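Q: So that we are looking at the same thing, I have put the structure below in structure tokens.
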Amino acid sequence: MEAQGYSKKDWERHYDEKDLGWDLGEVAPPFVNLLESKTIIPGKTLVPGCGRGHEVIFLAENGFDVTAVDYSKGAVNHLNSVIKERKLVSQVLHLDFFTLDSTHDGLYDLLIEQTFFCAISPIQRPLYVGTVTRVLKTGGMLAGLFYHTGQEGGPPFNTTRDDIIKHFSDSFEIRELSQAKNSAEQRKDKEWLVILTKK
Ligand SMILES: C[S@@+](CC[C@H](N)C(=O)[O-])C[C@H]1O[C@@H](n2cnc3c(N)ncnc32)[C@H](O)[C@@H]1O
């Protein structure tokens with residue numbers, strides 16, 4: 001399979017041109033429910049491909065110790081300015097998620113997936129699984145929304161229930177894999193709510 005989708009330059013251009021069709025402008029509603037139901041609890045948390053960081057801000061405001069990663073300068077600059085303005089304490093790393101060094105290994109209690117798995121080339125999915133497995137503690141949780149676009153091509157690249165089972169079941173216990181109930185209007189009936197714990 002060939003690499004498909006966007007290069008770093010393509011993502012950067014979207015921020016430069018403020019062409020951010022994926023950006024909900026707020027935390028994705030299912031994460032609010034995960035907090036309210038105490039499915040996710042404060043701890044050391046990683047948000048890969050954080051974009052403008054609505055999840056990062058939401059979690060930081062609710063006591064999570066968040067590290068956010070994005071390789072687009074426009075995303076990182078925006079998020080840093082919001083963190084400063086709101087006087088929050090979070091780390092924003094301007095780098096390629098797949099190059100996180102070994103100081104991150106086994107460090108995180110929680111990883112939040114929101115429109116990053118669908119943004120990368122499908123050929124990188126094993127690398128995604130390898131990286132999230134590496135950085136989570138044993139028993140650590142991946143809580144995410146995976147985009148079932150039902151369409152060819154991307155980004156966003158379609159994610160089926162079988163894709164999730166195929167990629168994650170070797171290294172993770174699947175605690176929940178169901179259609180998200182309160183997705184943002186534009187993603188209604190197209191998101192898997194996924195809760196995994198690292199074996
Ligand atoms: C579809 S956007 C989603 C942003 C954010 N999660 C949201 O839902 O608004 C995907 C993001 O992943 C970033 N990205 C793509 N590949 C990356 C990589 N290898 N390392 C770090 N960031 C990456 C892009 O710069 C972009 O901000």
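Q: Among residues belonging to segment 21-50 that are surrounded by fewer than 20 Cβ atoms within 10 Å (Cβ to Cβ) and among the hydroxyl-bearing types (Ser, Thr, Tyr), point out the one that is nearest to the ligand (Cβ to nearest atom).
A: The qualifying residue nearest to the ligand (Cβ to nearest atom) is Thr39.
Q: Are there any pairs with C-beta distances below 9 angstrom linking a residue in segment 120-136 that is more than 15 Å from Lys166 (Cα to Cα) to a residue that is modelled with pLDDT under 95 and among the polar types (S, T, N, Q), with the two at least 6 apart or on different chains, and if so which?
A: From segment 120-136, the pairs are Ser121/Gln4.
Q: For Glu191, indicate whether it is of a type in the set (Asp, Glu) and within 22 Å of Phe64 (Cα to Cα). Let's see the steps before the verdict.
A: Values: of a type in the set (Asp, Glu): yes; within 22 Å of Phe64 (Cα to Cα): no.
For Glu191, the condition - of a type in the set (Asp, Glu) and within 22 Å of Phe64 (Cα to Cα) - is not met.
Q: Across segment 9-20, which residue is nearest to Glu191 (Cα to Cα) among those that are part of a loop (DSSP other than H, G, I, E, B) and within 12 Å of the ligand (Cβ to nearest atom)?
A: Filtering segment 9-20 for residues part of a loop (DSSP other than H, G, I, E, B) gives 17-20.
From what is left, the residues that are within 12 Å of the ligand (Cβ to nearest atom) are 19-20.
On the way: Asp19: 22, Leu20: 19 Å.
If we take residues in segment 9-20 being part of a loop (DSSP other than H, G, I, E, B) and within 12 Å of the ligand (Cβ to nearest atom), then Leu20 is nearest to Glu191 (Cα to Cα).
Q: Could you run through segment 122-180 and say how many residues are in a strand (DSSP E or B) and not aliphatic (A, V, I, L, M)? Reasoning before the result, please.
A: Narrowing segment 122-180 to residues in a strand (DSSP E or B): 136-147, 172-179.
Now drop any that are not not aliphatic (A, V, I, L, M), which leaves 137-140, 144, 146-147, 172-173, 175-176, 178-179.
Of the residues in segment 122-180, 13 are in a strand (DSSP E or B) and not aliphatic (A, V, I, L, M).
Q: Do any residues in segment 44-58 that are within 12 Å of Ile83 (Cβ to Cβ) and without any contact (Cβ under 8 Å) to a residue 40 or more places away in the chain have Cβ atoms under 6 Å from those of residues that are charged (D, E, K, R) and within 6 Å of the ligand (Cβ to nearest atom), where the two are at least six apart or on different chains, and which pairs are they?
A: From residues that are within 12 Å of Ile83 (Cβ to Cβ) and without any contact (Cβ under 8 Å) to a residue 40 or more places away in the chain, the pairs are Arg52/Asp23.
Q: So, one more: Return yes when Gly53 is surrounded by 18 or more Cβ atoms within 10 Å (Cβ to Cβ) and at positive phi and no when it is not. Break it down into steps so the answer makes sense when it comes.
A: Details: surrounded by 18 or more Cβ atoms within 10 Å (Cβ to Cβ): yes; at positive phi: yes.
Yes.
Q: Considering only segment 66-86, I want to know if a residue exists there that is away from the ligand (no atom under 11 Å from the Cβ), without any contact (Cβ under 8 Å) to a residue 24 or more places away in the chain and closer than 24 Å to Lys190 by Cα. Don't jump to the end; show me each part of the working.
A: Here is the first cut: in segment 66-86, the residues away from the ligand (no atom under 11 Å from the Cβ) are 66-67, 77, 80-86.
With without any contact (Cβ under 8 Å) to a residue 24 or more places away in the chain added as a condition, the list becomes 77, 80-81, 84-85.
Within this subset, residues satisfying the condition of being closer than 24 Å to Lys190 by Cα are none.
Checked against the condition, which is being away from the ligand (no atom under 11 Å from the Cβ), without any contact (Cβ under 8 Å) to a residue 24 or more places away in the chain and closer than 24 Å to Lys190 by Cα, segment 66-86 yields no hits at all.
Q: Go through Asn182, Asn158 for me and flag whichever is polar (S, T, N, Q), surrounded by fewer than 16 Cβ atoms within 10 Å (Cβ to Cβ) and in contact (Cβ under 8 Å) with a residue 12 or more places away in the chain. Talk me through it step by step, then tell me what you get.
A: Numbers: Asn158 fails: surrounded by fewer than 16 Cβ atoms within 10 Å (Cβ to Cβ).
Within the list Asn182, Asn158, the selection yields Asn182.
The values are calculated or read from the model by the stated rules, or taken from the named source; none is laboratory data. None of the values given here were measured: they were computed from a predicted structure. Using ideal geometry, Cβ is built from the backbone for each residue, glycine included, and neighbour counts are taken over all protein chains shown.
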